[in-house]
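**Student:** I am attaching a structure below and will ask some questions about it afterwards.
The values are calculated or read from the model by the stated rules, or taken from the named source; none is laboratory data. These numbers come from a predicted model, not from an experiment. Backbone-built Cβ (ideal geometry, glycine too); neighbour counts: all protein chains shown.
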Amino acid sequence: MASQYSSFPGMDDILPGEIEKWQWLEEKTRTAFACWGFNEIRTPLLEPTELFTRSIGETTDIVHKEMYTFKDRGDRNMTLRPEMTASVARAVIQNGLLKTNKFLKLFYTGAMFRAERPQAGRKRQFHQIGAELVNLTREDDPYYADWLIVRVLINFLDYLKIKNLKFRINDLTLINGEQAELVRSKLRKYFESHKSKLDPDSVYRLDKNVLRIFDSKIETTRALIRDVPWNDIAPFSEEFLKLNKLLQEGFEGNVSFEIDRTLVRGLDYYTGVVFEVASSTLGAQDALAGGGRYDRLYEELGSTSTPCTGFSIGMERLLMVLEKNNPTAQSQMSTKSIYFASIFPNDNHAAFLKTVGASRSLTESGFRVIVAEPSPKLGDHLKRASKLGASYTVIRGDQELTEKKWTVKNMMTGDQASIPEGGLLNYLMQNTKELELP
Ligand code: HAM
């Protein structure tokens, strides 16, 4: 029967059958980030509204149009987090994490909320995988953290075997750094001299925050954006060009590299190198990940100067890419999924408890297990196992119980093997492949 209630548009349930992919991705995330020395952080979904208005910026689309903001019972302004960089900064400052550590490498996964118009790849409740490098500096190499964070991102996508990526980079140091006023006034002058061609939103932004003109989708404005005389307004530094060379040399063939002067990102906290990764398989919403340097956010939130950089990846979009153009990943998601079919009578509780025990030791070794309720109909079990994407079905009936064995069926080939009771884990370990870390 259809329920009279539905979830809000753009806020989806993740159901059994789908959730396995999320769990797989979360597992890969933990493995990959641990290798780079990152620790996980979790922060509340709700934060004081001012945290986001101050850090992301009043004139940004996110703050201006997309935040879920309301008053709680204590009349406090609260907001469902639209992103996590500000929350992580708040948590680091509040908990004094930099008092015991010179620098921090943090990663997170979790739900974010933005009131955008829902469409494929654009949700109102969506999920991100993110990483932040906090206070990691090297005097001999001011762009070291920028290099590292991009490497972490590209390595991660490479580890997941994602192909056809487009990487774009820009340096906002002059535009948003100490010379910001001068550079912005030059930019303002340029746009003012073409004011008649600007769309009304951009005219409003001209005085409020000239950089937000770059978010415009209107073609006449986009043409003006393409023609900005950058070399007069904000030429690139030698160091930035060196960084580009270093990054480009390290990219594999499946990542294209582009310097994009128009890349300013939709959040105000950036002060230096910014970057985005798009996927040509995603369609209209092709931004897969974005990030960059934000050296003033901690001061803005009342702490001391703390240089930072980071990125976030959209998990819905990442899963879409994995499914659409990476069939190997798709099959790897179920490689370690094992279905236990108990075909002995369902009053044999002792046998069932033993099966649960065996499944637990598989779980501890990284397998995903599905333990079905006992039922004599093997055909039904096998149908369900294949529907759930299990790669092996472990069968146990009266005969296996007497012989102290498992019958293990490979769901791809249909091959069956008879395995002694204590040898199940070993057998499955040897017969399932894992992704290799690059
Ligand atoms: P962002 O570019 O706003 O950056 O979001 C990062 C990614 O989240 C996007 O590239 C996209 O894949 C995904 N995303 C954003 N909005 C939606 C949506 N409505 N539906 C589905 N996916 C979406 C940030 O959030 C910054 N915190 C990145 C960062 C971390 N900068 C420094 N550190």
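**Student:** Here is a list of conditions, (1) touching a residue at least 60 places away in the same chain (Cβ under 8 Å); (2) touching a helix residue (DSSP H, G or I) at 6+ places or on another chain (Cβ under 6 Å), and Pro82 meets all of them except one; can you say which number that is?
**Tutor:** (1)
**Student:** Scanning for something away from the ligand (no atom under 16 Å from the Cβ), crowded, with 18+ Cβ neighbours inside 10 Å, touching a residue at least 40 places away in the same chain (Cβ under 8 Å) and closer than 28 Å to Leu157 by Cα, does segment 35-58 turn up at least one residue?
**Tutor:** Among the residues of segment 35-58, not one is away from the ligand (no atom under 16 Å from the Cβ), crowded, with 18+ Cβ neighbours inside 10 Å, touching a residue at least 40 places away in the same chain (Cβ under 8 Å) and closer than 28 Å to Leu157 by Cα, which makes the answer no.
**Student:** Sticking with this one: Determine whether Thr220 is surrounded by fewer than 19 Cβ atoms within 10 Å (Cβ to Cβ), free of Cβ contacts under 8 Å to residues at least 24 places away in the same chain, more than 20 Å from the chain's Cα centre (by Cα) and more than 11 Å from the ligand (Cβ to nearest atom).
**Tutor:** Answer is yes for this residue.
**Student:** Hey, can you tell me all the residues within segment 74-114 that are part of a loop (DSSP other than H, G, I, E, B) and more than 9 Å from the ligand (Cβ to nearest atom)?
**Tutor:** Listed by number, the residues that qualify are Gly74, Asp75, Arg76, Arg81, Asn95, Gly96, Asn101, Lys102, Phe103.
**Student:** For Asn164, are the conditions met, namely being of a type outside the set (Lys, Arg), modelled with pLDDT of 95 or more and out of contact with any helix residue (DSSP H, G or I) (no Cβ under 6 Å at 6 or more places or on another chain)?
**Tutor:** So Asn164 does not fit the description; no.
**Student:** Name, by its number, the condition in (1) among the small types (Gly, Ala, Ser); (2) assigned to a helix (DSSP H, G or I); (3) under 16 Å from Leu45 (Cα atoms) that does not hold for Ser185.
**Tutor:** Checking Ser185 against (1) among the small types (Gly, Ala, Ser); (2) assigned to a helix (DSSP H, G or I); (3) under 16 Å from Leu45 (Cα atoms), the one that fails is (3).
**Student:** Name the single residue that is surrounded by the most Cβ atoms within 10 Å (Cβ to Cβ) among those in segment 88-122 being of a type in the set (Ser, Thr, Tyr) and either out of contact with any Leu (no Cβ under 9 Å at 6 or more places or on another chain) or closer than 18 Å to Asp295 by Cβ (or both).
**Tutor:** Tyr108
**Student:** Let me ask something else about it. Would you confirm whether any residue within segment 244-259 is over 26 Å from Leu104 (Cα atoms), buried (at least 18 other Cβ atoms within 10 Å of the Cβ) and touching a residue at least 24 places away in the same chain (Cβ under 8 Å)?
**Tutor:** Yes, the conditions are met somewhere in segment 244-259.
**Student:** Another one. Go through segment 244-327 and tell me which strands (runs of 3 or more DSSP E), entirely inside it, have 1 or more residues that are in the same structural domain as Arg151 (by TED's automatic domain parsing) and charged (D, E, K, R).
**Tutor:** 255-259, 273-279, 287-293
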